[in-house]
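Notes follow the structure.
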Number of protein chains: 2
Amino acid sequence: MSEHARDNGRDNGRDKSPGLVEKKYLTLGGIDPEQPGGAMTLQSGAELSPITLAYETLGELNQEGDNAILVCHALTGDSHVAGKYNEDDLKPGWWDVMVGPGKPMDTDRYFIICSNVLGGCMGSTGPCSENPATGKPYGLEFPVVTIGDMVRAQKRLVEHLGVTKLLAAAGGSMGGMQVLEWTVRYPGMMHAALPLATTTRHSALNIAFHEIARQAIMADPHWNQGGYYDEPGPSLGLAVARMIGHVTYLSDDAMRLKFGRNLQDKDAFSFNLADELPDFQVESYLRYQGKKFVERFDANSFLYITKAADYFDLGLQHGNGSLVQAFSKAKARFLLVSFTSDWLYPTYQVREIVTALKKNGLDVSFCEIEAHCGHDAFLLRNDRLFDLVRHFLNTTHETVRRGGSHAL
Amino acid sequence: MSEHARDNGRDNGRDKSPGLVEKKYLTLGGIDPEQPGGAMTLQSGAELSPITLAYETLGELNQEGDNAILVCHALTGDSHVAGKYNEDDLKPGWWDVMVGPGKPMDTDRYFIICSNVLGGCMGSTGPCSENPATGKPYGLEFPVVTIGDMVRAQKRLVEHLGVTKLLAAAGGSMGGMQVLEWTVRYPGMMHAALPLATTTRHSALNIAFHEIARQAIMADPHWNQGGYYDEPGPSLGLAVARMIGHVTYLSDDAMRLKFGRNLQDKDAFSFNLADELPDFQVESYLRYQGKKFVERFDANSFLYITKAADYFDLGLQHGNGSLVQAFSKAKARFLLVSFTSDWLYPTYQVREIVTALKKNGLDVSFCEIEAHCGHDAFLLRNDRLFDLVRHFLNTTHETVRRGGSHAL
C-alpha cells in the first residue's frame, strides 16, 4: 500500500456509506523542488505562488496503482465529493449518490480523488487567499486562472498521491471541461474519460448568463472592486448571481413540476411589491438559494471561476481552432453523456465532441439520457447514468487488468 | 368622420411610411362623469385616481367605424407603435415593420390605436407619476396593477376614440396577455384577436426570471425602497434586470450566429477581471443594452409591470381555474402564433390556448413559425407572420363588411 493510500486511512468496508472523510491540503511547493515555493506560470503568463490544493480521497489505491479516479467538480463545487466530515454532518458530499461503497464509483474498488479547483474558495488557493506580497487577501490582485491551470495543479496532486496513470477522470459541467482538458494535456496519464453534460467551449448564451451574474456582483457597492474581505461582502449581488445560475441548472419542465404557480404560505396574491414575503413558491425558493449560497461562497471566486469557464476553448487552445486536431492528442476511451432537458450544454454540443473524437478513431460511447430535470441531472440519482458509469468503469478496469487493449 | 378620427388629423396616404405621429394623453376623469376624477377600483381593491393614458393613433377611423385595431405593447414597450415623432427622429416605433401604409396592419385601411399600459413610465399613470395625496411621485405607494386593470383602462380609451367594436386587438408577449384578457372581458367589443408568442399564465420559469430581475433592482441601494426620484436611481440594478430579460428574448441559435465567441475589439483574452472593456462581443452587447435601457425606463415601473405579468392567470380569474371555461365568454375569431425558438412562451403554451378555444367551438387559426431568433421574433420582419396577419385582418374585415358570420 502506498503512502498516500495509508494517509487516507479509512476502512469503509464495514458499512455501505462512504463513511467519514477528511479535507486535506497539499501545497505544491512541497513536492516540486525545481520550482521553489511551488510557483506556477499560469496561462496568462502571471506567476502564482504558493499554491495549495484542498482535496479529499475515498477508497484506497491498490497495489497495482490502477484504480484511481479523479473527480472534477463544477462551478461552485468543492473537494467534498462524497461522505461526511463527522457523524453529526447532515449533508454528505455533492456526488454522494455516485461515489461510495457499491455505488457506480465504488469506493470498495476504486480510489477516488477530488480537489477544490485553483481559484476556488473551499481551501484551494484563490482570490480570498493571502497574497504573500501584501499579507492580505488577493482580491482582484489574484491572477486570472484557466481550466488548463486548474488541471495542471490537479496533475501535481495526482502525482503526489502516487498515481502514475489514472483509471479515469470524471466530471460534469465545468468538471467535464477539466476532464476534456486532461485528455489532451496528459493523454499518457489516463485510461478513460467521463465528461458529462459539458462542452469544449461556452456558447454566447453560456457566456451571457455568466456575464450577467458577474455584473450582478460587481453592481453591488459592497463588492468594492473585490476588496471586501474586512467588511460585509456583496451578498445581495452574489445572491442574484446565484439565482441566475440556479435557473440555468433547472428546466422549464422541472420547475413546472416542482413549483408551478403555487403560492408560498398564502391563499391569494399579496398585491404588495414591498412585501418581504414572496407570492410564489419559486420566488421563495430562489431567494433561499441565493441566501444559502452567500454563506458558503466567495464572490471573487465566483468571478474568477466563471471567467475560466468562459475562456475555455479546447479546439482553439490545443488544435488551432480545430476540435478534431485538438483531440488528436487524446488516447483515453470516452463515455460522454448529455441530458435531454439540459439547455446549458445541450446535446448538440456534446455531439460535436463525439464527432471530433470519432474522427480521431477513439473509443467513444455516447448516450443522451431522457431527463426532465435540466443540467442538474448529472448530479442526481439516475439509474441510466449510474448503469452507464458503472459498466464503463468496470470494462475499463478489466481491460487495464488484462494488459489493456492497444487503445488503453 | 368621428371626432377622434379628426383628432388624429393625419394624412399618410401620400407616402409609404407611417409618417409623423403624435403622443396624446387621455385623462379618464374627463370621460366618465359617474366616476369623479376618473377613479378606478383596481383588481387589488385599491382606488387609483387620476388615471392618464398616453396613446398614439395611425390611420383614420372610417365612417362605418369598423376598422379600428388596438395594439397592445409588451413589457417595456410604449404607445409609440410605428412612425416617427418628427422628421429628425432616427428611430421609428417598436412595430414599424408591422404597422404602416401597405404593411400587414395597413394604416391606409385600418385605424391603429396603441396606448402605454397603466403602471408604465412612458406617459401613462404609473409609479413615477405624481401621487395627488403627497404631491410627490408614487414610488411604492403606487397600487399593484394587473393585466385586467390595464385592459379596463384601454377600454375607456377605445370608447373615447368613438370605437364601439374593435376590428381586432393584437399584441405579442405581455401584449398578447392583454389581447387574451380583452377576449373574455369585453367579448362584445371585438371581432378578432391576434395574441402572438404569449401565454395565459406565466410558468415557474417565467416567474423565476422576472423575480431575479426584480431582485437585481431591489438589491441596488439606489433603489431605496422605490424612493429614488430626487436622486440617482438604481441604474446598475436596472441594467442587470434588463440583461436578464434580454437574454430570455433571444435564443441559443440567434446568439451563436450573432456573437458566437467573437472578441470585442481585442485579439486575445484580457486575463483581467478588473478590465472595463469586456472580452466577448456578447458581453459588450449586454452591457450596452443594459445601459441604454436605464436611460429610458423607470425601475419601479419594471417592478410593477413584471408583477402584473406574473399575476396574470386567465383560467384562474375568469374560469375558476379552467381555461376552457374562461374562454366560454369569448366570441372573437383568433389568430395565434408561436415561434419555434421562443423558450419564454414555447409553442406548447400557445397550443394550450388553441385547445381551450377549440373546445369552445371558436374560430381559431394557429401557426408555429420556424424562426431562430427566439421570443423577439414577433417584433421582427417575418414574411410568414406578415402574410398571416395581413390575410387574417383582411378576411375578418371582409366578413364584417358582408354583415358578418354568426361568430363575428
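Only the coordinates and a few stated rules stand behind these numbers; no lab work does. As the structure is a computational prediction, the values presented were derived from the model and not from experiment. Quick reminder, even Gly has a Cβ in these numbers, built from the backbone with ideal geometry, and neighbours come from all protein chains shown.
Phi-derived couplings, Karplus 6.51 cos²θ - 1.76 cosθ + 1.60 at θ = phi - 60°, listed residue by residue for segment B:346-356: x, 3, 4, 6, 5, 4, 4, 5, 4, 4, 5 Hz, with x used for Gly and Pro.
Across segment A:315-332, rounded Karplus estimates of 3J(HN,Hα) from the backbone phi angles (6.51 cos²θ - 1.76 cosθ + 1.60, θ = phi - 60°) give x, 5, 6, 10, x, 6, x, 10, 5, 4, 5, 4, 7, 5, 7, 6, 10, 5 Hz, Gly and Pro being marked x. In whole angstrom, how far apart do the alpha carbon centroids of segment A:83-111 and segment B:335-358 sit? Result: 45 Å between the Cα centres. Among all the lysines, which ones have a C-alpha under 16 Å from A:K331's C-alpha, if same-chain residues fewer than 8 places away are not counted? Within the straight-line limit of under 16 Å, A:K331 reaches these lysines: A:K165, A:K358, A:K359. Once the C-beta distance of A:Q225 and B:Q225 is scaled by a Förster radius of 41 Å, the resulting FRET efficiency is 0.95 to the nearest 0.05. Over all pairs of different C-alpha atoms in segment B:116-197, the reciprocal of the mean inverse distance, the Kirkwood hydrodynamic radius, equals 13.7 Å. Cβ crowding within 10 Å ranks A:W94, A:W223 as A:W94, A:W223, fewest other Cβ atoms first. Remark: label point of B:K359 defined 7 Å out from Cα along the Cα-Cβ vector; separations to the same position in other copies 5.1 nm, ascending. Rounded to the nearest 10 degrees, the angle from helix B:174-185 to the longest Cα principal axis of chain B is 30 degrees. Computed from point charges on the beta carbon alone (+1 for Lys and Arg, -1 for Asp and Glu), the dipole magnitude for the protein assembly as shown about its Cα centre is near 1860 Debye.
Rounded to the nearest 10 degrees, the inclination of helix B:147-160 to the longest alpha-carbon principal axis of chain B is 50 degrees. Compute the Kirkwood hydrodynamic radius of segment A:49-148, taking the inverse of the mean of 1/r over all pairs of distinct Cα atoms, and give it in Å to one decimal. Hydrodynamic radius (Kirkwood, Cα pairs) of segment A:49-148 is 14.9 Å. A full extension of the chain between B:R402 and B:Q264 corresponds to an added length of 43.9 nm, given 0.36 nm per residue minus the alpha carbon distance. Label positions at B:T134 and A:E130, each projected 7 Å from the Cα along the C-beta direction, are separated by 5.1 nm. Taking each of A:K136/A:K307; A:K266/B:K292; A:K307/A:K329; A:K291/B:K91 in turn, the alpha-carbon distance tops 32 angstrom for A:K266/B:K292; A:K291/B:K91.
For segment A:158-267, the relative contact order works out to 18 percent when only alpha carbon pairs closer than 8 Å and six or more residues apart are counted.
Shape summary of segment A:207-306, radius of gyration then Dmax from alpha carbon positions: 15.1, 44 Å. Note on segment A:207-306: dipole from Cβ charges, positive end direction compared against A:I212, A:G290, A:M255; the farthest Cα belongs to A:M255.
Based on C-alpha pairs under 8 angstrom that are at least 6 apart in sequence, segment A:207-306 has a relative contact order of 32 percent.
In terms of other Cβ atoms within 10 Å, A:F327, B:F111 run from fewest to most in the order B:F111, A:F327. Round to the nearest 10 and give me the degree value, 0 to 90, for the angle of helix A:281-296's Cα axis relative to the longest principal axis of chain A. Approximately 60 degrees, to the nearest ten. Using a simple spin-label model with pseudo-atoms 7 Å out from Cα toward Cβ, B:A39 and A:L316 lie 6.2 nm apart. Using the alpha-carbon centroid of each, what span in Å lies between segment B:229-270 and segment A:360-378? Using only Cα atoms to place each centre, the spacing works out to 30 Å. Neighbour counts of other Cβ atoms within 10 Å put A:R287, B:R214, B:R402 in the fewest-to-most order B:R402, A:R287, B:R214.
In this assembly of identical copies, the label point of A:E87 (Cα plus 7 Å along Cα-to-Cβ) is separated from its counterparts by 8.9 nm, sorted shortest first. Here, chain A is characterised by an Rg to Rh ratio of 0.96, where Rg is the alpha-carbon radius of gyration and Rh the Kirkwood radius.
For segment A:26-150, the residue among A:V97, A:G139, A:Y110 whose Cα projects farthest onto the positive side of the dipole built from Cβ charges is A:G139.
Comment: the Cα-to-Cβ extended label point of B:L316, at 7 Å, lies 4.4 nm from its counterparts in the other copies, nearest first. Amide H contacts under 5 Å for A:G119: A:T125, A:G126, restricted to partners 5 or more places along the chain or on a different chain, H placed in the peptide plane at 1.01 Å from N. Counting every pair of alpha carbons in the protein assembly as shown, the share spaced more than 38 Å apart comes to 46 percent. Counting only Cβ charges, +1 for Lys and Arg and -1 for Asp and Glu, the dipole size of segment A:275-334 around its Cα centre is about 660 debye. Couplings 3J(HN,Hα) of segment A:373-387, computed from phi: 8, x, 4, 4, 3, 5, 8, 9, 4, 8, 4, 4, 4, 4, 4 Hz, in residue order, whole Hz [Karplus 6.51 cos²θ - 1.76 cosθ + 1.60, θ = phi - 60°; x for Gly and Pro].
Take the Cα of A:Y288, step 7 Å toward its Cβ, do the same at A:E64, and the gap between the two points is 4.7 nm.
Per the Debye calculation on segment B:315-408 with a single equal scatterer at every Cα and no solvent contribution, log₁₀ I(q)/I(0) for q = 0.13, 0.17, 0.21 Å⁻¹ amounts to -0.53, -0.85, -1.08. From the P(r) of segment A:170-266, can you give the percent of Cα pairs sitting at distances over 24 Å? Percent of Cα pairs beyond 24 Å in segment A:170-266: 48.
Extension gain for A:R351-A:L277 works out to 22.3 nm (0.36 nm per residue, less the C-alpha to C-alpha distance). In a reduced charge model with +1 at each Lys and Arg Cβ and -1 at each Asp and Glu Cβ, segment A:270-408 shows a dipole moment near 940 debye about its Cα centre. Take every Cα pair under 8 Å whose residues are at least 6 apart in sequence, average their separation, divide by the length of chain A, and the relative contact order is 16 percent. Mean partner shielding of peptide B:239-248, defined as the number of other chain Cβ atoms within 10 Å of each residue Cβ, is 5.
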